[in-house]
Amino acid sequence: MAVLLIQMKLAVLRHSMTGRRAAQMVTGALTGLALAGGLIVLAGRDYPLASLPFDLLGVGFALWTAGWLLGPTLFGGGDETLRPEHFSLLSFTPRRLAAGLAGAAFVGVAPLVTLVAFSALVVVAVKAGVGAAATAVGVLAVVLQLVVCVLASRLVTAVLGQVMRSKVGAALAALVSAAILAGLHSSWVLSPLVQAALRTGFPAPFSACVVALPSGWGLVAVRAAGQGQWPTVAVALAGLAALGVMCWYGWAALLKRRLTTRRPSGRPVRVASGGWAKGPMTAVAARELRTWSRDLLRFHYLVFALCYALAFCLLPLAIDAPIFLPWTGAVFALWVAAISANLYGEDGTELWCKMMVPGAARHDVRGRQLAWLLVTAPPTLVLTAAMVVFTGEFGLWPWLAALVPALLSGGAGVTVLMSVLRPVPMTDPHRRGGNLLENGTDFAQVLLVLILTAATAAPAYFAVRLGPVWAGPVMGLAGGAAMAWLLGRLAATRLESSAPELLLHLRTGVSPKRRRPAAALDLARPHLPKPDLGLDKLGLDLAPTGRRAYVIASLTLCWVPLVAQGIVPALMLTTGHVTPSWLLALHLPQHLQWPTIIAMIALGLVLLTTGLGIGLYYLARSRRDGIKLDDGP
Amino acid sequence: MGPSSRYAALRLAALTKTFGRKMVVDHIDLEVPRGSFFGLVGPNGAGKTTSLSMAVGLLRPDGGRAEIFGLDAWADPARAKKLIGVLPDGLSMPERLTGRELLRFTGLLRGMELKEVERRAGELLEVLELDEAERTLVMEYSTGMRKKIGLATALLHAPRLLVLDEPLEAVDPVSAASIKVILQRFVGSGGSVVFSSHVMALVEQLCDHVAVIASGRVVASGTLEAVRAGRSLEERFVSLVGGQVPEVGELAWLSS
Ligand SMILES: Nc1ncnc2c1ncn2[C@@H]1O[C@H](COP(=O)(O)OP(=O)(O)OP(=O)(O)O)[C@@H](O)[C@H]1O
Ligand SMILES: [Mg+2]
């Protein structure tokens, strides 16, 4: 049974070793190996204190295990290569199925990388010279730790998958993941403490905590073996083994539940009158608002954004640094933008309904923008106002009055444009199993939207920085409105022209332009995947080599003349804080400085616009022609 | 801007689609006369869904034309799409709305008056027996209910041509009877209907025109009488498509 499932999983993995999936897998494996290598190096180094390597490894293992436990929740899905549902009609007992799937769970890149990482335990044992017996204990502990890690990950993911079927559960899961992410992003707060610890050792209560966690039991066993305390060794190893068995039992029980209970049928919904929706655009907005309130996924994301903003801005209070507090609203707006940039992907093939209505694209985009603002703006404004009053930082008002409106309108623009340009296909809503984890978050998307939305606030930023006091707020409001209008306009035009391709993409999960090379690959023969530069995503795979090189080079390099050699020295000259550094203009005689800066900015703009122009041309073409090119021999 | 009476309700000319290396729709020519009730039949995977999607503007063809009342569905989609109501197969609906909300928002998106939308929505829901599911989201609908609400959205703006992909699949007999009456009345008042189906009896009962598609090609098309050629549609279909009845002895292990 287990052997059969392992064979199946290997077959699936082999077939998915193509294109983007393979590139992702290779990148993931390399990143994981680098981290694992880091742990081994950490274990092998010399330390001023004998206990330090053990404490450090304890922390490392704890974080690594936490990644296994919560990673699937944060990053979506977990390993669902073999879905238990596929086997539910075969006559296996859930226990046997769980055993088989557990066996298959150890096949894959992640367990292998984890095995490498945990072997740091053996390294530290050898390094500490605790003897052959203790080293053997280390080897055994590595295996047990891996087993516990993988099975506990399955259990926790299954539990959360069950819990997140309700609104309360979705909110809780959002709270936990927001706290963890915000904590990680605020870890700079801890750096003075860590530096002190590296010199003088960790405080005793901290060390005690680290070894008390199951992830530290292997370390306990190795140390105890080195000191000849064999009862402790036995207890620690037996503890690991028992934990593994318990996780497996728990998982098997949940598996049975998952296979035998259906998603509970929805309670009757509260039907709001929606009397304010009278025209096409308001109708779309009203529909979107219903999605925000009725879709567990959106609700989860919204709670996440709120919790993240609060945690991120409140955590530095631990070292008496209230600097972020007034910006809580802005952080919230940014994150709501980041998590709502897949509007069309989330709705799935429903897109056809809009395609059948003449002129619906424009109304749809505008309505979604309106709904996004209605959802995001009130909490953002309340948070901002409340935090300003709370901290008494009233002097910040020009900044806030410029940046908050700029971010809100930037978000309203970027989300719709991104939803059209870079949709991430998802299972259609009525086919989803009610488990939020089925649909992973696309982190490239989140990151891209964060950066782009933040970038839309740049004009407002410079207006406050360089202009008179009224310039910032005016720029924030007027410039922001223009930005939201423009980006929405681009999105609508795009949607109008390429809706059939978008629909096909959402329906089949294959983006039209990627289908060309796929046929050339020989699935039967394993081959090394080429790392995918994402050229096809950009539509550049169709461009002639020269143009492709030009687009890549110009878009990569344009920032040097535009920002580094243009805007930065310009700012320095206007503000009077001049540090020549590598800024060409500032090394020249005075009368040449401004002309050089202007020439640099012009060069940068030319590179940027031509690069973008050519790039977008081929992007549009590849979306349109992608399918046609398929017929080629 | 009434549809000019010179043109066919739907005309496909050399419509072509290739997926991968497989030519799924191979230069299909088809003409649906105005006021006809047109049945499209063919084995699984023949290309019915693909052809209809290309005809209404949901899937971009690799070549050929699709005309709706003389308007090119791809060159002049805005005017062409006003005239058609579509029920595709296997696509999702706005799932997190109740049936009534779905009709209301679709109507408003089409620029209709709220009052008129409400009136039509109420009638449609009643006729299609969906009014009891007033507080159920479309997501929770059964397969047949999904077909019915899809049909309601297709009818809402009073189109001149209905393009329906397997409209009666999974619909219970009572609802099916009322849908048939609705469609027949629609055709009686000058509308045109194209629908695909696997139920030959249904096609024979409703349609005056039929086309048989196999492997992406039209193998027979014309009036029902002409295509049937004196036999039953089912016999004719099997002989045209060349299916074979399993011989005794195949799958013998099944009866052990
Ligand atoms: N997106 C796609 N990618 C690749 N092949 C496809 C795609 N969509 C359809 N096909 C193929 O096109 C062929 C025709 O499919 P289509 O759905 O049009 O058939 P159909 O006549 O509607 O069949 P049915 O009666 O089963 O609904 C099938 O062989 C199918 O495999
Ligand atoms: Mg079909």
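The values are calculated or read from the model by the stated rules, or taken from the named source; none is laboratory data. For clarity, every value in this text was computed on a predicted model and none was experimentally measured. In this analysis, Cβ positions are derived from the backbone assuming ideal geometry, glycine residues included, and neighbour counts consider all displayed protein chains. We work out accessible area using only protein heavy atoms, side chains counted, and drop any ligands, DNA or RNA first. Shrake-Rupley method; radii C 1.70, N 1.55, O 1.52, S 1.80 Å.
Could you list, ordered by first residue, the pairs with Cβ atoms under 7 Å in which the first is in segment B:201-223 and away from every other protein chain (no Cβ under 14 Å) and free of Cβ contacts under 8 Å to residues at least 24 places away in the same chain and the second is more than 15 Å from ligand 2 (Cβ to nearest atom) and among the hydrophobic types (A, V, I, L, M, F, W, C), at least 6 apart or interchain?
B:Val219/B:Leu240; B:Ala220/B:Val227; B:Ala220/B:Leu240
Please work out if A:Gly395 is open to solvent by less than 10 Å² (accessible area, probe 1.4 Å) and either in a helix (DSSP H, G or I) or aliphatic (A, V, I, L, M) (or both). Step through it out loud before you land on a result.
Working: open to solvent by less than 10 Å² (accessible area, probe 1.4 Å): no; either in a helix (DSSP H, G or I) or aliphatic (A, V, I, L, M) (or both): yes.
Here the answer is no, as A:Gly395 does not meet what is asked.
Looking at segment B:40-50, can you tell me whether even one residue there is over 28 Å from B:Val227 (Cα atoms) and in contact (Cβ under 8 Å) with a residue 60 or more places away in the chain? Let's see the steps before the verdict.
Applying the first criterion (over 28 Å from B:Val227 (Cα atoms)) to segment B:40-50 yields none.
Scanning segment B:40-50 turns up no residue that is over 28 Å from B:Val227 (Cα atoms) and in contact (Cβ under 8 Å) with a residue 60 or more places away in the chain.
Determine which member of the set A:Val388, A:Val365 is in contact with a helix residue (DSSP H, G or I) (Cβ under 6 Å, 6 or more places away or on another chain), at pLDDT below 95 and part of a helix (DSSP H, G or I).
Working: A:Val365 fails: at pLDDT below 95.
Every option except A:Val388 fails the conditions.
Pick from segment B:156-185 the residues that are crowded, with 23+ Cβ neighbours inside 10 Å and within 14 Å of another protein chain (Cβ to nearest Cβ): which of them is nearest to ligand 1 (Cβ to nearest atom)?
Checking each candidate, the answer is B:Asp165.
Mind telling me which of the residues A:Leu373, A:Leu408 ends up being under 24 Å from A:Arg290 (Cβ atoms), under 24 Å from the mean Cα position of the chain (by Cα) and surrounded by fewer than 23 Cβ atoms within 10 Å (Cβ to Cβ)? Spell out how you get there, then give the answer.
Details: A:Leu408 fails: surrounded by fewer than 23 Cβ atoms within 10 Å (Cβ to Cβ).
Going through A:Leu373, A:Leu408 in turn, just one is under 24 Å from A:Arg290 (Cβ atoms), under 24 Å from the mean Cα position of the chain (by Cα) and surrounded by fewer than 23 Cβ atoms within 10 Å (Cβ to Cβ): A:Leu373.
Can you tell me which residues in segment B:111-152 are facing another protein chain (nearest Cβ under 9 Å) and within 20 Å of B:Ser197 (Cα to Cα)?
B:Arg146
Of all residues in segment B:75-95 being part of a loop (DSSP other than H, G, I, E, B) and either over 19 Å from the mean Cα position of the chain (by Cα) or at the interface with another protein chain (Cβ under 7 Å from one of its Cβ atoms) (or both), which is surrounded by the fewest Cβ atoms within 10 Å (Cβ to Cβ)?
Going through segment B:75-95, the residues part of a loop (DSSP other than H, G, I, E, B) turn out to be B:75-76, B:83, B:88-95.
Imposing the further condition that a residue be either over 19 Å from the mean Cα position of the chain (by Cα) or at the interface with another protein chain (Cβ under 7 Å from one of its Cβ atoms) (or both) reduces the set to B:75-76, B:88, B:91-95.
Numbers: B:Ala75: 11, B:Asp76: 14, B:Pro88: 23, B:Leu91: 22, B:Ser92: 23, B:Met93: 25, B:Pro94: 21, B:Glu95: 23.
That would be B:Ala75.
For segment B:11-55, name all the residues that are under 20 Å from B:Arg160 (Cβ atoms) and touching a helix residue (DSSP H, G or I) at 6+ places or on another chain (Cβ under 8 Å).
Hits for segment B:11-55 are B:Leu12, B:Leu30, B:Gly35, B:Ser36, B:Phe37, B:Gly39, B:Leu40.
Can you tell me which residue within segment B:7-21, out of those that are assigned to a loop (DSSP other than H, G, I, E, B) and away from every other protein chain (no Cβ under 14 Å), is surrounded by the most Cβ atoms within 10 Å (Cβ to Cβ)? Before you say what the answer is, go through the steps one by one.
Initial filter on segment B:7-21 (assigned to a loop (DSSP other than H, G, I, E, B)): B:7-9, B:20-21.
Now restrict to residues that are away from every other protein chain (no Cβ under 14 Å): B:7-9.
Values: B:Tyr7: 16, B:Ala8: 18, B:Ala9: 26.
Within segment B:7-21, the match that is surrounded by the most Cβ atoms within 10 Å (Cβ to Cβ) is B:Ala9.
Would you check if there is a residue in segment B:28-49 being touching a strand residue (DSSP E or B) at 6+ places or on another chain (Cβ under 8 Å) and within 14 Å of chain A (Cβ to nearest Cβ)?
yes
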